[in-house]
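Some notes on the structure that comes next.
The values are calculated or read from the model by the stated rules, or taken from the named source; none is laboratory data. The structure displayed is predicted, hence computed values, not measured ones. When we count neighbours, we look across all protein chains shown, and the Cβ atoms used for this are built from the backbone with ideal geometry, even at glycine. Heavy atoms of the whole protein, side chains included, go into the accessibility calculation; ligands, DNA and RNA do not. Shrake-Rupley method; radii C 1.70, N 1.55, O 1.52, S 1.80 Å.
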Amino acid sequence: MSDTAVLSTSARPDRAGAAPRVGDTALTARLAALDLPAGGFSAPARRDAAARLNEMGLPGPRDEYWRYTDPAPFNAPRPEALAIPPREATLFDDIDRLKLVFVDGVFDAAASDDLTGEGLEIDTLAAADAGGDHWAGALYGQLETAGQNPVRRPFAALNTLAARDGVLIRATGRVARPVHLLYRRSDEAADVHLHHVIRLEQGAELTLLETGAMGARSNAVLEVDLAAGARFHHIASKRADDDKLGIGHIFARVGEGALLKSFALAVNGRVMRNEGVIEITGDDAVAHIAAAVLGDGDEGRFHHDDTVFITHAGQRCESRQVYKKVLKNGAQGIFQGKILVRPGAQKTDGYQISKGLLLDEGSQFLAKPELEIYADDVKCSHGSTTGALDETALFYLRSRGVPREQAVVLLVLSFLADTLEEIEDERLRDGILTRLDQWLTSRATG
């Protein structure tokens, strides 16, 4: 065990670790299994995260925001070994992009493109942390810390403490090529923590793509800070043939007139939890977050949990939460979404929709929508539905000669269509749609 790992059981004020609270054996064991970084520019944030995590402890099944998902797999000291699928993700391979590859959570420079680009500064967390002062020092862990109120998110604090690598991206202009984070696995038991920090200066624009599988278990944090007029597009696609166990976090701060659009595609897996915490701080800003989820319990346990919290603090701002989940063979889907409108955030337009499409009686979709409003001139709505395929629409397609399997695929794609509309780039949207069509068609006979 390294010197930094010993910090999990003995307080050392000059290092990133901190002693867990007395009696919290789960946290003690969790930290003891990690090789915690000593830290460079990130050291203050890591010390703060250690103190916060020590005070919070790890979540239990009685925690309100974990009531639908058992946190035990994420609390365990180490993950179970997970076989590595023979095929590598190929989504977006035909698009001109800047490719950055991480293998078991470590940046692979040989497999990546050169870290340069017009209007773009890119470093890796590991390299920058070893090099002293860095612009990311003012941001690393800061949005994560702010996102802990009013809901505690212990695994995000754990990530800020433990992450050894990630990307630090600062955009000062419009970046033509998307930045593609491609995750690969080589160790069947890799326990991966990745922490990315994105800063878009005034008027800058960037598209970030994420594909692949990080590890046997993964804990990722993406902190996004958008200055006035910045535009950030985020598309994440999780591998369809990996029995993954992962938790991901997006913490975003959206400035005046800025735009954030985040879309996630999740196909199969074991236990996945995604937390989105977005604070709209400036006037006339836009934040959209959406997901299309497909789970087949016949291919292994499938449990997918999306928890979203959007805060409106500016005037004349717009937010959208659009979540659709298609579930079969005992799969479980969860959605917990909240819109908070602060005093003075007049002319807010907040919209939230979550829908579950159950393809059998054994699957389950649970939703907990919330609105909390402290302004009187707003337009906010939420809705949640759960149902089966529309038999009338299915009959209509069958009566016009469409085979049943193809008709089911068409109806499912139609159900997911408005989540895909959050992808502005037509090339990227078509790539996601093609991948969805292929996956659905290959399983339609089931």
Q: Using the Kirkwood radius over Cα pairs, work out the Stokes-Einstein diffusion coefficient for the chain at 20 °C and 1.002 mPa s, in µm²/s as a whole number.
A: 96
Q) How many Lys pairs in the chain lie less than 15 angstrom apart by Cα atoms, where the lysines are 8 or more positions apart or on different chains? A) 10
Q: Just flag the trypsin sites (Lys or Arg not before Pro) in the range 368-445 sitting in loop per DSSP whose Cβ has no more than 12 other Cβ atoms within 10 Å.
A: Arg400
**Q.** Per-residue [θ]222 nm for the chain (sum of -39500 (n - 2.57) over DSSP H runs n ≥ 4, rounded to 500)
**A.** -6000 deg cm²/dmol
Q. Between the DSSP loop rule and a limit of at most 16 other Cβ atoms within 10 Å, which GluC sites (Glu not before Pro) in the range 81-124 are left?
A. Glu88, Glu118
Q.
Test of understanding: extend the Cα→C-beta vector of Asp96 to 7 Å, then name every residue of the range 180-218 with backbone N under 19 Å from that spot.
A. 180-181, 205-209
Q | Two-decimal ratio, the range 55-108, of alpha-carbon radius of gyration to 2.2 N^0.38 Å | A | 1.76
Q) So for the range 154-199, what percent of the C-alpha to C-alpha distances run longer than 14 Å? A) 63
Q. Hey, with R₀ at 45 Å, roughly what FRET efficiency would Ile373 and Ala110 work out to, going by the Cβ-Cβ distance, to 0.05?
A. 0.30
Q.
Contact order normalised by length for the chain, with contacts defined as Cα pairs under 8 Å and 6 or more residues apart; what percent is it?
A. 10
Q) Just how much of Thr385 is accessible, in Å², when a 1.4 Å probe is used and the result is rounded to the nearest 10? A) 70
Q | Total formal charge among the other residues, if their Cβ is under 9 angstrom from that of Asn274, Lys/Arg +1 and Asp/Glu -1 | A | -2
